[in-house]
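The structure appears below as structure tokens.
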Amino acid sequence: MSDNNGAYSITVPGSTSMYVRVTAQATDGPDSAPNYLIQARNNVTTAYAQVPHAARLYSVRGTAFNSGSNSVHVDLDAASGWIGSGYGTARTTAPFEILDQLVMAARRYAPPSRA
């Protein structure tokens, strides 16, 4: 899980090969009863056409690296696809931009909490 700025931290064993994967999904509140659960799913697949809620979530996977023996800082860049005069490559960031707008709307229009 990341914070509102996308920051995250995990502890792993030393000298471990791994990669970072980010999934387009957001919740607010405890897992047992979130105030909202927003997921960006791949809607151009056969799986989505058959059972939309079972289609894969959009995700981005970084390159593999080794955790080494000290702290490692890893950033994951989701490419916008912009090449200066238009979109020329995959727009990896698009589902995450949509997710961000939906989360902002959910936070703005969420009903008052029930205490």
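The values are calculated or read from the model by the stated rules, or taken from the named source; none is laboratory data. Since we're looking at a predicted model, the values are computed, not measured. Cβ coordinates were reconstructed from backbone atoms using ideal geometry, including for glycine residues, and neighbour counts include every protein chain displayed.
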Next item on the list: Determine the pairs where a residue that is within 17 Å of residue 58 (Cβ to Cβ), located within segment 12-26, has a partner that is part of a strand (DSSP E or B) and of a type in the set (D, E, K, R) with Cβ atoms under 9 Å apart, the partner being 6 or more residues away or on another chain.
Entry: 19/61; 20/61; 21/61; 22/61; 24/41
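In segment 102-115, which residue that is surrounded by 10 or more Cβ atoms within 10 Å (Cβ to Cβ) and part of a helix (DSSP H, G or I) is modelled with the lowest pLDDT? So that I can check it myself, show each step before the final result.
Kept after step one, since they are surrounded by 10 or more Cβ atoms within 10 Å (Cβ to Cβ), are these residues of segment 102-115: 102-107, 110.
Then keep just the ones that are part of a helix (DSSP H, G or I); that gives 102-107.
Numbers: 102: 90, 103: 87, 104: 87, 105: 88, 106: 84, 107: 81.
Going through the qualifying residues, I end up with 107.
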Next item on the list: Could you tell me whether any residue of segment 63-86 is touching a Lys or Arg at 6+ places or on another chain (Cβ under 8 Å) and outside any loop (DSSP other than H, G, I, E, B)?
Entry: no
Item checked: Output for segment 10-35, where each listed residue is over 14 Å from the mean Cα position of the chain (by Cα) and surrounded by 15 or more Cβ atoms within 10 Å (Cβ to Cβ) -> 18
Checklist line | Selection from segment 58-90 of residues that are under 15 Å from the mean Cα position of the chain (by Cα) and either surrounded by 14 or more Cβ atoms within 10 Å (Cβ to Cβ) or closer than 17 Å to residue 4 by Cα (or both) | finding: 58, 59, 60, 62, 75, 76, 77, 78, 80
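Is it fair to say residue 108 is more than 18 Å from the chain's Cα centre (by Cα) and of a type in the set (Lys, Arg)? Full working, then the answer.
Values: more than 18 Å from the chain's Cα centre (by Cα): yes; of a type in the set (Lys, Arg): yes.
So residue 108 fits the description; yes.
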Note to self: What pairs come out if I take residues in segment 85-113 that are over 15 Å from residue 22 (Cβ atoms) and pair them with residues that are modelled with pLDDT under 85 and assigned to a loop (DSSP other than H, G, I, E, B) whose C-beta lies under 6 Å away, six or more apart or interchain?
What the structure shows: 110/35
Next item on the list: State all residues of segment 44-65 that are out of contact with any Ser or Thr (no Cβ under 9 Å at 6 or more places or on another chain) and touching a residue at least 12 places away in the same chain (Cβ under 8 Å); if no residue qualifies, say none.
Entry: 53, 61, 62, 63
Check: Of all residues in segment 9-58 being part of a loop (DSSP other than H, G, I, E, B), modelled with pLDDT under 85 and in contact with a strand residue (DSSP E or B) (Cβ under 9 Å, 6 or more places away or on another chain), which is nearest to residue 104 (Cα to Cα)?
Finding: 35
